[in-house]
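Chemist: The structure's right below; bear with me while I get my questions together.
The values are calculated or read from the model by the stated rules, or taken from the named source; none is laboratory data. Keep in mind that what you see is a predicted model, and the values were worked out from it rather than measured. Cβ atoms come from the backbone with ideal geometry, glycine included; neighbour counts cover every protein chain shown. Calculation scope for accessible area: heavy atoms of the full protein, side chains included, ligands and nucleic acids excluded. Shrake-Rupley method; radii C 1.70, N 1.55, O 1.52, S 1.80 Å.
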Amino acid sequence: MYKLPLIVFIFFSTIVSCQKKQNSDLISTDKTDTIITIIFKERSFKTDTLRLKTGQYSFREDNVLYSLEGNFLPNIIQKKNYKKSDTLKIRTSSDIIFSHGYNVNEYSLYQFKPGDVVVFDYPNDHPNCEILNRKTLENDLNFVTELNLKINKNVKSDFQFFIENKRFRTKEEKNKIAKEYFDSRKIKFDSVSKTGTISEQIFTLIKTDLDYLQKEASNRNILKNPVNLSMPSGRHLVIKSFESIHQPKLLKSKNNSIIDSRAQLESVINDKEIEDNNRDYLLYQYMNDILLNFSKEDIKKFFELFKTAIQNKTVIKSLSEKYLLAVSNEFSVNDIALSDGTQNKFDLNHLIKTKYSNKIVYVDFWASWCGPCIAEMGASRNLRDAYKDKNVIFIFISIDKDVEKWKIASKKQKLFESGNDFITLNYPNSLFYKEIDLKTIPRYLIYNKKGELIHKNAPNPSNKEIEVEFNKLEK
C-alpha cells in the first residue's frame, strides 16, 4: 500500500520465489470457481523507470502480483498494457490480495472478490482503480495511492540514495525517514477511519500492512504467531524475523554472493517454535532458492527433506511443476535433455537426426535473464524470415531453471511461434555441455545437413558472417 523508504522494494525478498503467470485463466480450474476480470488500460510506464543522475536506469516489469487470500504463493502478473489495454482473468473461488507497484518502489494493496470486474487506468501513469460490478466506499480503492503521491514525492529509496551519494544511509538517517513515514500514515489512516468512507475490511488490510512494515524483525513472537502471508509485507516480515535469529551464511561465487539456503532450510526444520504456516512459507522460500542456485545433487537431497517437512503438500506440486522436477531426473549425462514446457521430453541429437534430418540447424542457447541474448532476438527474427523458405532450422534452447520465466520470455520474443523452442533439463550436467564448454551465453552452434556439429562458436544473428555460413552449407 505504500513505500517503506528503508527497503528498495518491499517484495524483492519474495519476488524470486514468485510463480509468473500468463494473462489467461490462472490458478485453479475447479468448476465452482468464479472469474475475476482485471482490465489494465494503456500506460507509458514512465514512472516505473528508475532514472538516476549517473545516466543509469532500470525498468520494472514485475511489480504487479497477487496471492489467494490465506495462501502464501505469490503470482507475478506480466502486463501487456504498454500503450494498449490488456485484460487478465483469474479463476478463483477465494478473494485475492492484489499488489500494484508504481513509481519504481511504491505499491498499493487491494482485495478483490470472485466475480469482480476491475479496471485500472493510469492518469499521470499512476494506477487508479475502479470496480464495476459492486459498490465500494470512497476510500476503499485509491486512498493509499493518493497518499503516496502526496507524501513520498521527494523520498528516495535506499538504492537511489546509494547510487547518487556513493554511500549507504546512516542508521540515524534511516530512523528519521522511517519515523516520518509511519507517523504521517498513522495520522492519515486514523483520520480516514472516522469518516465512514472506508470499509472495515479494507481498513484492516491497510493497517495490517503498516503494522508489518514497522514491526521489529528480531521479535521471535512474530514467527510463533500467524502472519497474513497473502501480503508481500507479511512474507517479508517472516523472512526478516527468521534471518534475524538464524543469520544466513553467505557463499561467494565469481560474480556475487548468495545465501546458503541449504543451511537455512535445515534451520527451519530444526526450529520447533515456528507457527505451521510460517514454517511452510520459509521451507518454500529456501527450497525455491536451492532449486535456482545449487547443484542437482543438492536439489535431490534437500527436496526430499522439504517434502517430508512441509505440511501443505500442494506446495510440493507447485515447485515440481515450476522446475519440471518430474521429468528432469529421467536423463543420463549422455543425453542432451530438452522439454517444450509440458511433459514432452526430447534429446537434441535425436531431434537433429530425425525431425531435422537433411537440414542446416542453428542452435541458440539463451536465458530469460540474459541481456545480450535478448538483444540478439530482433536480428534472429530477421534471420529466420530471410531463411524461412530454405533448409535452415532455428532451435532455441533456454538454460533457465524457472519454467514460467522461460515461457514468459519465449512468448515475449515470439519463440513459441517457431515450434522449436525448448528448455534444457540437464544443464550443466550433460557431458555435451562440457564438451562444447558452454559456460557463457548467448552461444550458437551450427549442424550441417548430415547432423554433424561443425561450428561450436557460430556467429551471432546480428553478424553478417552467419549468412555467409548458411549460404556455403546450402550449396
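Chemist: For segment 106-115, check the following and say yes or no: at least one residue is of a type in the set (S, T, N, Q), under 22 Å from the mean Cα position of the chain (by Cα) and assigned to a loop (DSSP other than H, G, I, E, B). Lay out the reasoning, then the answer.
Modeler: First, the residues of segment 106-115 that are of a type in the set (S, T, N, Q): 108, 111.
Keeping just the survivors that are under 22 Å from the mean Cα position of the chain (by Cα) gives 108, 111.
Retained after the next criterion (residues that are assigned to a loop (DSSP other than H, G, I, E, B)): none.
No, the conditions are met nowhere in segment 106-115.
Chemist: If I filter segment 205-229 down to residues being part of a helix (DSSP H, G or I) and within 23 Å of the chain's Cα centre (by Cα), which single residue comes out as surrounded by the most Cβ atoms within 10 Å (Cβ to Cβ)? Give the derivation first.
Modeler: Taking segment 205-229 first, the residues part of a helix (DSSP H, G or I) are 205-214, 221-224.
From what is left, the residues that are within 23 Å of the chain's Cα centre (by Cα) are 209, 212-213.
On the way: D209: 25, Y212: 22, L213: 21.
By that ranking, first place goes to D209.
Chemist: Determine if segment 230-245 includes at least one residue that is closer than 28 Å to G101 by Cβ, open to solvent by less than 20 Å² (accessible area, probe 1.4 Å) and not in a helix (DSSP H, G or I). It would help to see each step written out before you state the result.
Modeler: So the first thing to find is which residues in segment 230-245 are closer than 28 Å to G101 by Cβ, and the list is 230-244.
If we keep only those that are open to solvent by less than 20 Å² (accessible area, probe 1.4 Å) too, we end up with 230-235, 237-239, 241-242.
Now drop any that are not not in a helix (DSSP H, G or I), which leaves 230-231.
Yes, because at least one residue in segment 230-245 is closer than 28 Å to G101 by Cβ, open to solvent by less than 20 Å² (accessible area, probe 1.4 Å) and not in a helix (DSSP H, G or I).
Chemist: Shifting gears a bit: Looking at Y82, is it surrounded by fewer than 16 Cβ atoms within 10 Å (Cβ to Cβ) and either at pLDDT 70 or above or of a type in the set (G, A, S) (or both)?
Modeler: yes
Chemist: Here is a follow-up. Can you tell me which residue within segment 428-447, out of those that are under 20 Å from S380 (Cβ atoms) and part of a loop (DSSP other than H, G, I, E, B), is most open to solvent (accessible area, probe 1.4 Å)? Give the derivation first.
Modeler: Step one: list which residues in segment 428-447 are under 20 Å from S380 (Cβ atoms), which gives 436, 438, 440-447.
Filter once more, keeping what is part of a loop (DSSP other than H, G, I, E, B): 436, 438, 440-442.
Values: I436: 8, L438: 8, T440: 99, I441: 31, P442: 33 Å².
Taking the candidates together, the pick is T440.
Chemist: To continue, here is another question. Need the failing condition index for S94 against (1) surrounded by fewer than 20 Cβ atoms within 10 Å (Cβ to Cβ); (2) under 29 Å from D211 (Cα atoms); (3) at pLDDT below 70, just the number.
Modeler: (3)
Chemist: Quick one: which helices (runs of 4 or more DSSP H) lie wholly within segment 280-393 and hold at least 2 residues that are open to solvent by 30 Å² or more (accessible area, probe 1.4 Å) and among the acidic types (D, E)?
Modeler: On the way: elements: 296-309, 314-322, 325-328, 348-353, 371-375, 377-386.
Hits in segment 280-393: 296-309.
Chemist: Report the residue count in segment 159-195 for those that are in contact (Cβ under 8 Å) with a residue 24 or more places away in the chain, loosely packed, with under 14 Cβ neighbours inside 10 Å and either closer than 17 Å to N105 by Cα or in contact with a helix residue (DSSP H, G or I) (Cβ under 8 Å, 6 or more places away or on another chain) (or both).
Modeler: Total meeting the criteria: 2.
Chemist: Can you find a residue in segment 405-421 that is within 20 Å of K296 (Cβ to Cβ) and outside any strand (DSSP E or B)? Steps first, answer last, please.
Modeler: Start the filter on segment 405-421 by keeping residues that are within 20 Å of K296 (Cβ to Cβ), which leaves 405-406.
Keeping just the survivors that are outside any strand (DSSP E or B) gives 405-406.
The answer is yes; a qualifying residue exists.
Chemist: Moving on to the next point. So T197 clears everything in (1) part of a loop (DSSP other than H, G, I, E, B); (2) in contact with a Gly (Cβ under 9 Å, 6 or more places away or on another chain); (3) not basic (K, R) except one condition, right? Which one?
Modeler: If we test T197 against (1) part of a loop (DSSP other than H, G, I, E, B); (2) in contact with a Gly (Cβ under 9 Å, 6 or more places away or on another chain); (3) not basic (K, R), just (2) comes out false.
Chemist: Could you list, ordered by first residue, the pairs with Cβ atoms under 9 Å in which the first is in segment 39-50 and more than 26 Å from L132 (Cα to Cα) and modelled with pLDDT under 75 and the second is assigned to a helix (DSSP H, G or I) and aromatic (F, W, Y), at least 6 apart or interchain?
Modeler: L50/F159
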